[in-house]
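Quick note: the coordinates plus some simple rules give every number you see, no bench work behind them. Every value quoted in this text rests on a predicted model; they were computed, and no experiment measured them. Cβ coordinates were reconstructed from backbone atoms using ideal geometry, including for glycine residues, and neighbour counts include every protein chain displayed.
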Amino acid sequence: MDPTISLNDVDGDPVSDVSAYRRLIGLLMYVTLFKPYIYFAVNKLSQFVTKLRTPRLSDVHQVLQYLQSSPALGILFPAKSSLRVTAFADSDCGSCAVLRKSTTGFCLFFGHSLVRCKSKKQVTVSRSSAEAEYQALASLTLELLWIKQILRSLEVPLSSTIFFLKYENWQSQ
C-alpha cells in the first residue's frame, strides 16, 4: 500500500452491510502477528469500519490477493543472531486530515528479526513536529520496557538495546 495515498470515507458508494468487512479486518489483524509487513495497510483500512465505502472494500480484497500470491513470506528467526534489541520510531505530524492528529509508528527487532511493529494515531493533537516525535519516543520507550521485562522473565540475556528516532526537522548549528 502506498503510504502517500490519503484514504477518506467520502469517496465511493456507502456499503450497507459492513459485517463481512469487519470480519476480514479482524482476520487481517490476526495475520499481522505472522506477517508484520502488511501492518500498515491493515491499520489504514481498519479506520473505515464505521463508515465503509466501496473503494475500501476493494482495498481489503487487494491485501488478501497479495497474501495469497506470497504465502512463503513471513518472520524469519535465524539460528545465529545477536541478542540485541534495536528499535526505530517515527511520527507523522498532523497526518490525519480529519482530526489533525499525528501518527506514531515504531518497529522492534530482536537480532535481525522483526518482532513488533505498531502504528497508531496519537491521543492528543501535537502543536509541533518535535512534540509529535517526543510522543513517539515515549511510546517506544514503554514498548522497550515491556520487551525487556518479557526477556528478563524468560531469562534471556540481553546484550544491549539501541533505538533510533527519525527527526527530519533537525538542523545542526
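Computed from phi, the 3J(HN,Hα) profile of region 43-54 under the Karplus parametrisation 6.51, -1.76, 1.60 (θ = phi - 60°) reads 4, 4, 6, 6, 6, 10, 5, 7, 10, 7, 10, 4 Hz, with x in place of Gly and Pro. Centre-to-centre separation between the Cα atoms of region 1-71 and those of region 110-134: 21 Å. Among Thr124, Thr141, Thr104, the order by Cβ neighbours within 10 angstrom, fewest to most, reads Thr124, Thr141, Thr104. Using θ = phi - 60° in the Karplus curve 6.51 cos²θ - 1.76 cosθ + 1.60, the 3J(HN,Hα) couplings for region 108-113 round to 10, 10, 10, x, 9, 9 Hz; x is entered for Gly and Pro.
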